[in-house]
Each structure stands twice: as C-alpha cells, then as structure tokens.
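Step one of this worksheet: look at the structure below.
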Amino acid sequence: MPQVSDAFVFFGATGDLAHKKIFPALQNMIKHGALDAPVIGVAKSGWTVEQLKERARDSVTKYGGGVDPEAFPKLCELLSYIDGDYKDDQTYTALRAKLGNAELPTHYLAIPPSMFSVVVNGLASSSCARNARVILEKPFGRDLVSARKLNDTLHQAFPEDHIFRIDHYLGKEAVENLLIFRFANSFLEPIWNRNYIHSVQITMAEKFGVEGRGKFYEEAGAIRDVVQNHLLQVVAFLAMEPPTLIYVDSVRDEQVKILRTIPPLSPVNIIRGQFRGYREEPGVSPHSDVETFAAVRLEIDSWRWAGVPFLIRAGKCMPVTATEVFVKLRKPPLSKMGTDGRNYFRFRVGPNIELSLGARVKRPGPLMVPTPVELSAVKYNTSDEMEAYERLLTDAMKGDQLLFVRQDAVEAAWAIVEPILGDCCPTEVYEPGTWGPPDARDLAADIGGWHDPA
C-alpha cells in the first residue's frame, strides 16, 4: 500500500489558483486530519513568508468558508516559503534544504504549462525528485506531440505511478456519481446500449466570459480548455464498460479503452464560435480567431454504442451556468403512448447535483392520454461535499491515482481532438446570452435538437 507523503511543495504559491483553490483545500485537509506535514510554497514575487500567510488568510476568508480557528493556525505553523526564479538552480538548492529529512515529498506544479519542464528538470538536478511525487495541472501539452514530449520529460525524473495529472472534474462528487449510478444499479445495464439509447448530449455552459484570463484563453480556447479533458472524461464515464474493481487501475483501464474507440473528430462535425466582445478583452488579440464556444459530434466505434450520436457543447457567455448530461431514450413502439422524446435520463453535474428520469404517466381523466413528468432520484444540498481540490490533493498525498489521468488517456484524448485544433474551420460570432452560433443547431437537427439546461 502506498505511503503518505511527508512534505507538500507547491510551485505558484502566490498565484490565482493557490488563492482560490489550494489554500482552502489545505485548510480543510488539516481540519479533516489529512495533512500534518511541512507545506512549502515556491514563487518569484519578492514576498516574505508572513505575506504568504496573509495571502492564505485572505484566500480562506473569501473562498474557503472562513478562517478555521484550529486548522488555519496549524496551516500557518506548517507553512514556509521560498522566493526564487524557477530557472535558477539556487531555488532548488534552497528547496532541498527546506525538505530536510523528508523522504517522500509531493511537488504540486500550479504554474503555467510552459514551465512544467523547467521545474521538473530543476527538481531532478537537485535531487528533490528522488522518491517524490509530482502533481500537474491541465492542460497536459497543447497537442499530441507536445503531450508525448512532456510525458518523456516527466518520466526522466518520475515513474508513472508517481505522476498525478489533475483534472479537477474527476474529483467532483457529481461526476463520480455517474460511475456509481451506472454500475451500482442493476436495472440500468439492460438498457444502457444502442438498442435503447437514442443519443447523448453533454453541455457545459458558463454564463460568464473569460474573466480577465484573456491571455490564457488565447493560448487554449474551448477545445483545449474543456473538451479535450473535462468533457471527454465525462464521455468515458458514461460509455465505459464495467470495471473489475479488483485493482486500482481498473477504472482507468476502461476509460482508456473507450477513448481509443472514438475516431478522430472531423472538421465537418464541429462548430466553433466566439462571443461578441471577446476581442476587446484584456490580453486578447484584436484579430483573434480563438473559440470561446465549441460544439462537436462524435461516434463510439464499439458494439455497445454503434450508431448512437454523442454531442458535446461548451461555451462562455451562455444563458446559464450549468453542466448537464442528457441521455435520450428511443421512442416507445406505440405511437399513441407518446412520441415526443420525453423518455430520458438527465444528470446535472454542476453547479448543483441532480439526477432525474423523464417519463410519461396517464393524464387524469377518462382518456388514455400520456403526460410527461420528471422523477428526481438525486437532488440534495452539497454544502458538506468535499471540494474537488481537497479530495484530489488528499489522494495524491496518499499515492492513490484512481481519480487522476494516466498518460495513455491523455494521449488518446489528444488523438481524438487533433484534427480540430487551431483554425480547422472559421469561428462564428455569437451574441452573449445565447446558446452559441446558429449553425450549431445543425449538428443536433436529426436527433430533435439540443437540450438546453434551464
């Protein structure tokens, strides 16, 4: 059984991700007894450790539910700081000294992907990578070639079972619920196939825009930002075969198998859009062709799913903020019993959790006329839910890789989206507050149109 790490190092300690996610996660880990080891922040900001502690206080106040009277002082006690350039060997010499007698440190790279290789090489040359684990934020490369190059760099310093690629979506309670719902209920298996399922839609809508992250979005775009990772992982959870659960990699094995059955996407099956006003955002080129919206249609070349359309849609400046899966069932054979497609499963996986079944019952009265209803199986308060980052950092410290992305899954997902990266087709301007470019409707026209989350 893997050992628990005895030190936690996070690069990018003064950055936005640390402020919004990492410090709240660390406080909660201490509160729940999952962290009692040195915490070392590394950044180049000219700060002192006292300034970093104030940053941590502001972080948990704004994003962590407030300062915990017991856990936060403990975090400050564990916290130290190294101010140094990631390209400077002295930074890693100082880190090696700070680690002291730590035998199994975990290094978290909460930094721009362009710096991954620099930091990994610095950790390796200073012996900080010896018997250590490393956590990386997405995206893992910009395409298949760069992803393979990054993996080669990582493997020069860390074995695969010590590499933890974070896709925070996999740590969400609602997404994990998809697996439990699918495989812990015997009634679902007989109908979860091409014989009963008509189509599957996944929509990730965000009501807001790029929120000051224009420079990042210029490098990423919607396909690299969420389609290649978050949404293809949701497809894998929905479509994968049952895992054996005999060993830790069984779930990840099935994810990779299903990703490898998805043919590379064709430019004819994608619509790219850009909300009006994006080019006026700070950090955005006035001639930008980057997509803030993407709708794609894919197929899964397997016995279970042959002929079933899977549609993915993601965009900013949409009418609502919601991530929802809509699984439409085939029409019943009796036309008088209704043909409007009201038989479905609906999974709301963000921001709240809902699991509902669309059905038809008899309308009150003398006639045999059906009427649609929606039955809710799950709809509960998530205030006690463990945040995704707390869950994932806790698992990484324990060496549990179940909810992290494996190298072969990363490369399989890049192979799927490779043909639609860049300017494979023009971006169409859409108005903020709409469901994207009008042409996106064509992708779903033959399956009854898109289901828009309310």
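The distance between label points at Glu428 and Gln156 comes to 4.5 nm (points 7 Å beyond Cα on the Cα→Cβ vector). With Cβ to Cβ distances under 12 Å as the rule, what net charge do the other residues near Val284 carry (K, R +1; D, E -1)? Result for the neighbourhood of Val284: -2. Other residues whose C-beta falls under 15 angstrom from the C-beta of Glu219 contribute a net charge of -3, scoring Lys and Arg +1 and Asp and Glu -1.
Heavy atoms only, probe 1.4 Å: what % of the accessible area of the stretch 128-206 goes to carbon and sulfur, would you let me know? Ligands and nucleic acids excluded, carbon and sulfur reach 51 percent. Considering only protein heavy atoms, what is the solvent-accessible area of Arg96 at a probe of 1.4 Å, reported in Å² to the nearest 10? Accessible surface of Arg96 is approximately 60 Å².
Taking all protein chains together, Lys21, Lys257 sort by accessible area into Lys257, Lys21, largest first [probe 1.4 Å]. Scoring 232-244, 364-376 by mean Cβ neighbours within 10 Å over their residues and listing the highest first yields 232-244, 364-376. Ignoring aspartates and glutamates fewer than eight residues from Lys328 along the same chain, the ones with Cα atoms less than 17 angstrom from its Cα are Glu189, Glu299, Asp340, Glu354, Glu374, Asp446, Asp452.
Of all DSSP bridge pairs formed entirely within the stretch 194-344, close to 75 percent run antiparallel.
The calculated 222 nm mean residue ellipticity attributable to helices in the chain amounts to -8000 deg cm²/dmol, summing -39500 (n - 2.57) over DSSP H runs of n ≥ 4 and dividing by all residues. The convex hull built on the alpha-carbon positions of the chain has an orientation-averaged projected area of 23.3 nm². Within the shell of other residues whose beta carbon sits under 12 angstrom from the beta carbon of Arg130, the net charge comes to +1, with Lys and Arg scored +1 and Asp and Glu -1.
Here the peptides 9-17, 318-326 are ranked by packing, the mean other Cβ count within 10 Å, and the order with the highest first is 9-17, 318-326.
The values are calculated or read from the model by the stated rules, or taken from the named source; none is laboratory data. Here the structure is a predicted model, which means the values were calculated and not measured. Because the Cβ atoms are built from the backbone with ideal geometry, glycine has one as well, and the counts that use them run over all protein chains shown. These area figures cover heavy atoms from the full protein model, side chains too; ligands, DNA and RNA do not enter into them. Shrake-Rupley method; radii C 1.70, N 1.55, O 1.52, S 1.80 Å.
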